[in-house]
Amino acid sequence: MAGAAAFVEADNADEIMARIETKSQKIESLLKHYKHVEALKTALEGSPPKTLDERCKSANWIVVRRAIMAIKDIDGMLNALDDEYYDILMKCLYRGLSTGDEPTCEQCLMIHEKLTERAGLGCILRCLSDTTNTV
Amino acid sequence: MAVVDVHRFAESITCHAWSPDHSMVALCPNNTEVHIYKSLSLDQWERLHVLQKHDQIVSGIDWSSKSNKIVSVSHDRNSYVWSMEGGEWVPTLVILRLNRAALCVQWSPKENKFAVGSGAKTVCICYYEQENNWWVSKLIRKRHESSVTSVAWHPNNILLATTSTDGKCRVFSTFIKGVDTKDSKAGSPAETKFGEQILQLDLSYSWAFGVKWSPSGNTLAYVGHSSMIYFVDDVGPSPLAQSVAFRDLPLRDVLFISEKMVIGVGYDSNPMVFAADDTGIWSFIRYIGEKKAASSNSSYSSQFSEAFGKFYGSQSKSATASDASESRGRVHDNCINSIVPLSKAGSPKVMRFSTSGLDGKVAIWDLENMEQELGNQF
């Protein structure tokens, strides 16, 4: 509620969709080269998209999900990920858990356990209480 | 360990305040009364008075140190100022003109005014009118979009900071003609108009609680419900705001123990120390009872380990360590609601403070021997 008034659409939806397209292509190429952590970082950058448009959020989520599902070594990934990405990753994990789709949920749950160990309960709190910047 | 005395007064304590000589404590045991206990010796407390006037829970108590008056506010939208006359506490009703609960109260540094935050999105500033021999309430009705959870007076007796469940922290001027004197070298003309908003800080996405000023009045600290604590230096036309995210459960209240060090208390039941380094960057230092070792993977409290076990089920390979939390030596078992200083008002350093919480305990902490451990910011 607090930030809603100041939450003007940063760019229009089409620009954001275009950016997500480029992001998606970058990630595909990174995954081909087995650079999983880089792929995830690229996916998380710029999320959540500063817009209220659902299509953009869905498109962004598809990209992030692709990167999350490709992760095999969770500990290694978290070691390489900087602190600032923890909060955004947690939001994406909750989005994944809400889909109800079994492989997604399994992967998200495994990452959730490790991430909570590292980032603490505060990370979960920040994810739950932030209703303005949703993923 | 820094704890000097712990006593369980009731099932749950809403708020508490100390007498001027720190020998008596006034607290609300989660009902409509205010109980006053006197300390006889360590862990020996005698209940001296029970103040019964409110119809609903007493949400805020403050005890002035120079004039020895107790002010209590309650969800029944009323406030009473209690004066000691002939061994008994005599109440004076203060009509706040609220249509919702009063949530918090604080005497101003000069003790000629007190501020009340309420669920009616207003702040009441009450002052004593000598001619009519009663307390008058002036309301700040503008600006707040939701309940005012906490109020704090600047040392100059005019500026008041408030936090609200709309996530914002605001600073107002409470200048009242006839009560306050205009300081010739004071700030902008805005500072001499009652109810004028000097500053609004929109740093939090969720509810804000527990605002306090540093001893000099240069820095503000308040907490957000999203496990964040906010520090604002050089409060004025161009403030420097910092948001510090920390790992554990949110805080409810803060206290400046020196210009550069803040103690936060909240849902983790363990006071946290934050400090600013030489460049002015604030960060979390440690829990007050713990050694400075980096926290290992045993970060869950025992109340969560069972829940996490169910959540992760067969996938969980690492055993969640529930014993580690015991070794932290917690004093409080439940959320700590408030932290009150026990030093002389206006002194730059706070050496003793007390905390009270939902577990019904009041704990007194002494930082006398902790100067080494806390570092040079203290």
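Each value in this text was obtained by applying a stated rule to the coordinates, not by laboratory testing. No experiment lies behind these values; they were computed from the predicted model shown. Every residue, glycine among them, receives a Cβ derived from its backbone with ideal geometry; neighbour counts consider all protein chains shown.
Structural remarks
- Shielding by partners, peptide B:221-229 (average Cβ within 10 angstrom, other chains): 3
- Compared with the alpha-carbon gap, the fully stretched path from residue B:344 to residue B:112 is longer by 81.7 nm at 0.36 nm per residue.
- The residues A:121, B:40, when put in order of fewest to most other Cβ atoms within 10 Å, stand as B:40, A:121.
- Principal-axis analysis of the Cα atoms of chain B puts helix B:302-312 at an angle of about 60° to the longest axis.
- Among the residues of A:114-122, the average count of other protein chain beta-carbon atoms within 10 Å of the residue beta-carbon is 6.
- A simple spin-label model places the labels of residue B:141 and residue B:92 2.6 nm from each other, with each point 7 Å out along Cα-to-Cβ.
- Fully extended contour minus Cα-Cα distance, from residue B:284 to residue B:234, at 0.36 nm per residue: 16.0 nm
- 222 nm mean residue ellipticity, helices alone, for chain B (DSSP H n ≥ 4; -39,500 (n - 2.57); rounded to 500): -1500 deg cm²/dmol
- Label point distance in nm, residue B:177-residue A:97, each placed 7 Å from Cα along Cα→Cβ: 5.9 nm
- Of the DSSP H helices in chain A, those that are both long (alpha-carbon extent of 18 Å or more along the helix axis) and hydrophobic (Kyte-Doolittle mean at least -0.5) are A:13-32, A:54-69, A:86-99.
- Extension gain (nm, one decimal) between residue B:192 and residue B:22, 0.36 nm per residue minus Cα-Cα: 57.7 nm
- Using the Cβ-Cβ distance between residue B:68 and residue A:114 with R0 = 56 Å, the FRET efficiency computed as 1/(1 + (r/R0)^6) comes to roughly 0.50.
- For the options A:55, A:65, A:95, a Gaussian network treatment of chain A with springs between C-alpha atoms closer than 10 Å singles out A:55 as fluctuating the most.
- Top of A:43, A:67, A:13 by mean-square fluctuation, Gaussian network on chain A, Cα under 10 Å: A:13
- Using the Cβ-Cβ distance between residue B:8 and residue B:46 with R0 = 22 Å, the FRET efficiency computed as 1/(1 + (r/R0)^6) comes to roughly 0.90.
- Within 10 Å of the Cβ of each residue in B:238-245, the mean number of Cβ atoms contributed by other protein chains is 1.
- Label-to-label distance, residue A:50 versus residue A:17, with points set 7 angstrom from Cα along the beta-carbon direction: 2.1 nm.
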